[in-house]
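The values are calculated or read from the model by the stated rules, or taken from the named source; none is laboratory data. From a predicted model like this one, the values you see are computed outputs, not experimental measurements. FYI the Cβ positions are ideal-geometry reconstructions off the backbone, even for glycines, and counts take in every protein chain you see.
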Amino acid sequence: MNEGEKRKTIAKIKRLCDRVRSLVDSDENQRRRRLWKSTAGLPNCFARHLPKKGLSVTPFIADLDREMWAPVLGLDIEKIYVYPLAYLEFELSKKIFAFEQFCDDNPITKDITIWLGVGFLESLLGLPQEPAKNGHEPWVGKRSIIKRKEDLQSLQLPDFHRSGTAPLAHKMYSEIKAIIDDDFDVVFPEWNFGPFGIALNLRGTENFAIDMIEDPDFVYDLMKFILRAKIHWSQERARFLQEEIHSLFLCNDDVSVPMISPRGYQGFVLPYEKKMGEFHGGMDYWHSCGKIDPIVQYIKEIPNLKMIHLSPFTDLKKSVEIIGNDHIIEIVLNPIDDVERATPLQMEKKLSEIKSTCEGLRFTVRADAFQVLTSVENDLKQIKLWIKKARKALHAS
């Protein structure tokens, strides 16, 4: 940005901050806040909240994928991931639009969480991240770096300030902190991805699948290294921010059957997820966009786990029977089939099925990961229609 653009953006950010403040203090926001006990782990860019017990309604949230948010707001996604002021403008604008346009139950907050895209953590271990390009956010590098098993020995624990994309994280954090007022909280990136997906990316999916059969000891060594790297990063983060280690928000999109078998999950993944949870003193939220009904009984073994994500690819009825009231359930819809391409009748039927299946349980419903399917205008219209149907179905006594 040149100086003129910078001054113009700062002035706009000040106006956006004022608008966020007014919305945070609004009666509508107080209504939304009363539905939730807390935010899951970090105040994440992809808001996850833990619903309170004993509610007379089922809280629900609608959210767009960041690749859709950019065209909705008329912002350049490539700039968002490079320039701190562009990132801050994006986050503030997104908060305001979502609160004002989506009449769901997601409260607006004054948290600005730094999210640098999928592949950020792998970059800390030496796998270069692909930058935002052609409307897509940054992504994990495509070429594995553990081509030979001996390569594992050369991997280093991440340097909190210098490894991979860490310098960009620090630049984002420091410059946003410098410009935004103290009543806003800027949240530095945490290591909240599980070890399995990182191992797949470092080693390569095909090689890792063969390793699990032919050389399980190597797999254990790789998973142990990733666990050490995660703990090291989180300790350095806590030291840098001068705060305590907090409960974990764990993402695990690669943990999906048949990507891994139930036996493979028990042996190669679960022990390290348990240790992550123990290190953090608990796990607020376990997430996978994949099929997990064959392994949900084992996920439940993670100590102090509060909420489990059930994707549209997971057998809802089977999973709900296993989970029961032991954990909060987050039910996530298929963004295309259940919302963007759904008729009003199909929306109503799906919501009714969810409500009847989960009757008597503590659960929340989420429709997210929306990308532009037809046009921004038409897709937003469908999303708002779904919100209207969800409010009627899930807020009815």
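Checked against the criterion of being surrounded by fewer than 21 Cβ atoms within 10 Å (Cβ to Cβ) and assigned to a loop (DSSP other than H, G, I, E, B), segment 209-216 has at least one qualifying residue. Restricted to segment 253-338, the set of helices (runs of 4 or more DSSP H) holding at least 3 residues that are modelled with pLDDT of 95 or more and within 20 Å of the chain's Cα centre (by Cα) comprises 270-280.
Kindly check whether there is at least one residue in segment 232-247 that is closer than 21 Å to Tyr285 by Cα, of a type in the set (Asp, Glu) and part of a loop (DSSP other than H, G, I, E, B). Checked segment 232-247: at least one residue is closer than 21 Å to Tyr285 by Cα, of a type in the set (Asp, Glu) and part of a loop (DSSP other than H, G, I, E, B). Contact map, segment 226-247: first residue more than 22 Å from Leu155 (Cβ to Cβ), second residue of a type in the set (Val, Ile, Thr), Cβ cut-off under 6 Å, separation 6 or more or different chains; pairs are Ala238/Ile245.
Against the definition (part of a helix (DSSP H, G or I), more than 28 Å from Cys289 (Cα to Cα), among the charged types (D, E, K, R) and out of contact with any Pro (no Cβ under 9 Å at 6 or more places or on another chain)), how does Glu100 come out, yes or no?
When the stated conditions are applied, Glu100 does not pass them.
When Leu200 is tested against (1) out of contact with any Leu (no Cβ under 9 Å at 6 or more places or on another chain); (2) surrounded by fewer than 17 Cβ atoms within 10 Å (Cβ to Cβ), just one condition goes unmet, and that condition is (2).
If you check Phe268, Phe240 for being surrounded by 15 or more Cβ atoms within 10 Å (Cβ to Cβ) and either of a type in the set (Asp, Glu) or in contact with a Phe, Trp or Tyr (Cβ under 8 Å, 6 or more places away or on another chain) (or both), only one passes: Phe268.
Do we have Leu121 as aliphatic (A, V, I, L, M), outside any loop (DSSP other than H, G, I, E, B), in contact (Cβ under 8 Å) with a residue 12 or more places away in the chain and surrounded by 15 or more Cβ atoms within 10 Å (Cβ to Cβ) here? Spell out the reasoning first.
Details: aliphatic (A, V, I, L, M): yes; outside any loop (DSSP other than H, G, I, E, B): yes; in contact (Cβ under 8 Å) with a residue 12 or more places away in the chain: yes; surrounded by 15 or more Cβ atoms within 10 Å (Cβ to Cβ): yes.
For Leu121, the condition - aliphatic (A, V, I, L, M), outside any loop (DSSP other than H, G, I, E, B), in contact (Cβ under 8 Å) with a residue 12 or more places away in the chain and surrounded by 15 or more Cβ atoms within 10 Å (Cβ to Cβ) - is met.
When Glu273 is tested against (1) out of contact with any His (no Cβ under 6 Å at 6 or more places or on another chain); (2) crowded, with 18+ Cβ neighbours inside 10 Å; (3) under 24 Å from Ile61 (Cβ atoms), just one condition goes unmet, and that condition is (3). Looking only at residues of segment 305-332 that are touching a residue at least 40 places away in the same chain (Cβ under 8 Å) and over 20 Å from Asp254 (Cβ atoms), we find that the one that is surrounded by the fewest Cβ atoms within 10 Å (Cβ to Cβ) is Lys317.
Please go through segment 150-161 and give me each residue that is in contact with a Phe, Trp or Tyr (Cβ under 8 Å, 6 or more places away or on another chain) and either loosely packed, with under 15 Cβ neighbours inside 10 Å or modelled with pLDDT under 95 (or both), ordered by number. The answer is none; no residue qualifies. Within segment 173-185, the residues that satisfy the criterion of being under 24 Å from Tyr285 (Cβ atoms) and either aromatic (Phe, Trp, Tyr) or buried (at least 19 other Cβ atoms within 10 Å of the Cβ) (or both) are Tyr173, Phe184.
Taking first residues from segment 64-89 that are within 17 Å of Val186 (Cβ to Cβ) and acidic (Asp, Glu) and partners that are at pLDDT 95 or above and part of a loop (DSSP other than H, G, I, E, B), no Cβ contact under 6 Å between residues at least 6 apart in sequence or on separate chains turns up.
Conditions (1) in contact (Cβ under 8 Å) with a residue 60 or more places away in the chain; (2) of a type in the set (Gly, Ala, Ser); (3) part of a helix (DSSP H, G or I); (4) surrounded by fewer than 17 Cβ atoms within 10 Å (Cβ to Cβ), marked per residue:
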residue: Glu348; (1), (2), (3), (4): no, no, yes, yes
residue: Thr374; (1), (2), (3), (4): no, no, no, yes
residue: Asp379; (1), (2), (3), (4): yes, no, yes, no
residue: Ile387; (1), (2), (3), (4): yes, no, yes, no
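Filtered by the rule that a residue be over 15 Å from Leu241 (Cα atoms) and acidic (Asp, Glu), segment 183-213 gives Asp183, Glu206, Asp211.
Of these, Phe99, Phe60, which one is among the hydrophobic types (A, V, I, L, M, F, W, C), in contact with a Leu (Cβ under 6 Å, 6 or more places away or on another chain), under 26 Å from Asp284 (Cβ atoms) and buried (at least 23 other Cβ atoms within 10 Å of the Cβ)?
Working: Phe99 fails: buried (at least 23 other Cβ atoms within 10 Å of the Cβ).
From the options Phe99, Phe60, the qualifying one is Phe60.
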